[in-house]
Amino acid sequence: MLRVDIEAAGYRAGETTLRKIKFGGGEGELILVGGASGSGKTTLLLTISGVLSSLLGGWADGSVLVRDEDTLKTNSVASRLIGLVLQDPEKQVLMPTPLDEVLFTLENLGFSDEEALARATELLKRFGLFNKRLDHVETLSGGEKRRLSLASAISHKPYLIMLDEPTASMDPWGIREVRKFTNDLIREGNIVLIVEHKIKYFLDLADKLVLLSSGEKIAEYSGSELTSRSLLEKLRDANIDVEPVHEVPREERDKKRGVGEVILTIEGLECWHNSGKPILKNVSFDVRKGEVLVLVGPNGSGKTTLLKTIAGFHKGYSGEIKLRESGKRVFYVSQTPDYMFLESTVEKELRLVSSRVGLPLEALIEKIPFYSEKKNSSPYRLSLGQRRWLSLVVAWAYKPNIILLDEPTAGLDIGFLNNLFSYIRSLSREGISFIISTHDPRVLLSLADRSLMIDGGRVREVEPYKVALMLESIAGVY
Amino acid sequence: MRLKYRESTLFLYALGISLIAFIANSVESLLLPSILNGILGFVLGSKKMPWKLLVVLLLLNVWGSFLNGLYFHNFGEVVVSTQVIVIKRGAIDSFLLVSLRFFLIVGATLLMLGLVNVRDLIKSLERDLRIPSGIAFSIAYAFRLFPLLSKDLSEIYIARKERGLTSVILRPSNLRSILLPLLNLSYERAVWGGISAELRGLRLRKVSGKKPLRLGDLIILTALILQWIIVFITLFLNK
């Protein structure tokens, strides 16, 4: 049994981030917590696990009963009763090999060497990582790291398993795995709590939906309510990502735009890793002025390599990359916007851009809706959406013909996503072309003029709507 | 037969060698331990750490210590004089001192990291030296961070090239703008790493009984003592 009754909680004394959050759940249930970015979802997980007050110097009033133990009162119970899967496996994985990673939790919790090894072996086999148990974790693919983070979170058989935004940066195959993992946990009688703004991926499995806004619980739904038409409409109106692709109004997805002449031609491109292992074979396509071309494919299929090759940063390739216009032609924006920033405040960052590209500072400020509020903040302390926005403005300032975006929507809620889409559309109307690598069906639906599917090293053109449907079907949304 | 030793002995060795860097204040006294540990450390460490990162670290240090010497210690007799730059004895001495100290500390650390398994190191530090779990874990977490730092660095270089900035650190401001994203990302990782460790029961770890000293431990400790003796003799002779 889980009983959450948080009166108030915060990261610093006198600063309240969460207030009046009350809900509960029983064994074999999935509780889904939804809400926009900044609504307090991750803080809720940190509070329930006791970490907010025991490690982060925060505070929490109220109680969180997990199998009758109050995690707000006793520090030591949480790690035995709770398994937490963080949003980013890179941040969760602590040890250099998969075997060490799983054994670390078990050793901490006092399992004997024999039992720990037996459990670790069983889990690594279950998650398909046994053959890689002694490899360095950095040699694992994104999907394998995700599976490792799931394995290590449940190695001690916790009673409550919490997942923080498990679909962020994940391809539909990965989402399907997480759904299966969640289903298995529910069937085994665990309580599962998932915080997620793309709630459509778990709504059919959930027993309860708790909605947060500005740190407060604004609604709770359960049972048959969760699949009712009226709830879905209510959630859609509240800007919550609940809508499967096939339910998006047709007029939105059928819009066709005019694009200009060909500005990039790729002919017979082959790419390989440093080890000589091939990644892409015989890739040919072109990009037109103002066009938005979307690349889809599983994690590790070579989308990022293709973008980096076009940008000139991946040297292991043969074939032709022909740009038809002179000047600064392509600009690559990484999935992690933080790499792009060089200064300690947003204002200094923009001044640096302005001095390098010769654009007036005001022209840059104009492009940043949150400038006056955040000009003295460090770029690294902005929200993820704001960081992505800033990195895109930096890219735009260099006046490229083509902007290459790697997973630009990962971790964004639907509100920020729609703003970002509008911004990209306005830039494409100015004549800037985009090549976007993504797993997100929403990008295909709202932005793509054309889309390419990369699989098994080959590239083929696919119709954006059909591939969006396919991605959601693989993920198991319908 | 494989030489057996306690991981904590290697930690003590790395610590003892690093202390030399703080005590020895002449190029002569630092020379031998720095070269020995530097070469061994970089060779053994490169098996587990990304060698590109090691090279970048090395270059960063060489350039940083040269700039430091030039800005703050450029006095004494003139060694190099051109129209652009005048380098004096003080700058050279300072550059060598800082570089050798860096080589010594990083070399000894890499030597340790290259020869131990991270979980065994945590256990050994807790068991043999009674170091608290949190501190033992932080030391061992470096294993995980090194490859991530390397990945970050190559992404930062890509972003710099896109923005028309050089990756060669010619000015302190370049060094700052490379370190800024690197440190911010590392800080964020460290916070989440701490949360992950806390929730996986780091606080609840129990310490098992001590392991006896073995031949490998004695050899490592003897190597440490010998290097200390060499340093003291050199310091004494220089007085």
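Among the residues of the stretch A:282-307, the ones that are out of contact with any Leu (no Cβ under 8 Å at 6 or more places or on another chain) and closer than 16 Å to A:Thr265 by Cα come to 4 in all.
Restricting to the stretch A:390-413, name every residue that is closer than 20 Å to A:Ser344 by Cα and either within 14 Å of the chain's Cα centre (by Cα) or not aliphatic (A, V, I, L, M) (or both). Walk me through how you get there before you give the answer.
Start the filter on the stretch A:390-413 by keeping residues that are closer than 20 Å to A:Ser344 by Cα, which leaves A:390-395, A:397.
Hit for the stretch A:390-413 is A:Ser391, nothing else.
Once the stretch B:174-189 is narrowed to residues that are facing chain A (nearest Cβ under 9 Å) and surrounded by fewer than 16 Cβ atoms within 10 Å (Cβ to Cβ), the residue that is farthest from A:Lys91 (Cα to Cα) is B:Arg176. Each residue in the stretch B:49-84 was checked for being on the phi < 0 side of the Ramachandran plot and over 29 Å from the mean Cα position of the chain (by Cα), and 8 of them qualify.
Do we find that A:Glu347 is surrounded by fewer than 20 Cβ atoms within 10 Å (Cβ to Cβ), within 30 Å of A:Ser377 (Cα to Cα), touching a residue at least 24 places away in the same chain (Cβ under 8 Å) and away from chain B (no Cβ under 14 Å) in this structure? Taking the combined requirement at face value, the residue satisfies it. Anything in the stretch A:333-344 that is in contact (Cβ under 8 Å) with a residue 24 or more places away in the chain and among the aromatic types (Phe, Trp, Tyr)? List them, or say none. Scanning the stretch A:333-344 gives a single hit, A:Phe341. Residues in the stretch A:291-343 that are within 14 Å of chain B (Cβ to nearest Cβ), aromatic (Phe, Trp, Tyr) and surrounded by fewer than 22 Cβ atoms within 10 Å (Cβ to Cβ): A:Phe313 only. For the stretch A:170-203, which positions are surrounded by fewer than 17 Cβ atoms within 10 Å (Cβ to Cβ) and at pLDDT below 90? Residue satisfying the conditions is A:Trp173 alone.
Of everything listed in (1) buried (at least 22 other Cβ atoms within 10 Å of the Cβ); (2) within 11 Å of another protein chain (Cβ to nearest Cβ); (3) without any contact (Cβ under 8 Å) to a residue 40 or more places away in the chain, the single unmet condition for A:Leu352 is (1). The single condition from (1) of a type in the set (Val, Ile, Thr); (2) over 18 Å from A:Ser391 (Cα atoms); (3) facing another protein chain (nearest Cβ under 8 Å) that B:Thr166 fails is (3). Which one is surrounded by the most Cβ atoms within 10 Å (Cβ to Cβ), of the residues in the stretch B:122-165 that are among the polar types (S, T, N, Q) and touching a residue at least 12 places away in the same chain (Cβ under 8 Å)? Among those residues, the one meeting the criterion is B:Ser124. I'd like to check something: does the stretch A:127-136 contain any residue that is within 13 Å of chain B (Cβ to nearest Cβ), buried (at least 20 other Cβ atoms within 10 Å of the Cβ) and either touching a helix residue (DSSP H, G or I) at 6+ places or on another chain (Cβ under 9 Å) or in a helix (DSSP H, G or I) (or both)? No, there is no match, as no residue in the stretch A:127-136 is within 13 Å of chain B (Cβ to nearest Cβ), buried (at least 20 other Cβ atoms within 10 Å of the Cβ) and either touching a helix residue (DSSP H, G or I) at 6+ places or on another chain (Cβ under 9 Å) or in a helix (DSSP H, G or I) (or both).
So which residues in the stretch B:129-152 are within 9 Å of chain A (Cβ to nearest Cβ), under 28 Å from B:Pro212 (Cβ atoms) and of a type in the set (Gly, Ala, Ser)? The answer is B:Ser133, B:Ala140. In the stretch B:190-235, the residue that is farthest from the other protein chains (Cβ to nearest Cβ) out of those that are without any contact (Cβ under 8 Å) to a residue 40 or more places away in the chain and outside any helix (DSSP H, G or I) is B:Pro212.
For the residues B:Arg101, B:Arg119, B:Arg89, the requirement of being farther than 30 Å from A:Leu106 by Cβ, surrounded by 20 or more Cβ atoms within 10 Å (Cβ to Cβ) and either among the basic types (Lys, Arg) or within 11 Å of chain A (Cβ to nearest Cβ) (or both) singles out B:Arg101. The lone criterion from (1) without any contact (Cβ under 8 Å) to a residue 12 or more places away in the chain; (2) within 13 Å of another protein chain (Cβ to nearest Cβ) left unmet by A:Glu362 is number (2). For the stretch A:91-109, taking the residues that are part of a helix (DSSP H, G or I) and within 13 Å of A:Asp135 (Cβ to Cβ), the one that is nearest to the other protein chains (Cβ to nearest Cβ) is identified as A:Asp100.
Among the residues of the stretch A:137-164, just one is closer than 16 Å to A:Asp184 by Cα, touching a residue at least 12 places away in the same chain (Cβ under 8 Å), surrounded by fewer than 23 Cβ atoms within 10 Å (Cβ to Cβ) and out of contact with any helix residue (DSSP H, G or I) (no Cβ under 7 Å at 6 or more places or on another chain), namely A:Ile154.
The values are calculated or read from the model by the stated rules, or taken from the named source; none is laboratory data. As the structure is a computational prediction, the values presented were derived from the model and not from experiment. Quick reminder, even Gly has a Cβ in these numbers, built from the backbone with ideal geometry, and neighbours come from all protein chains shown.
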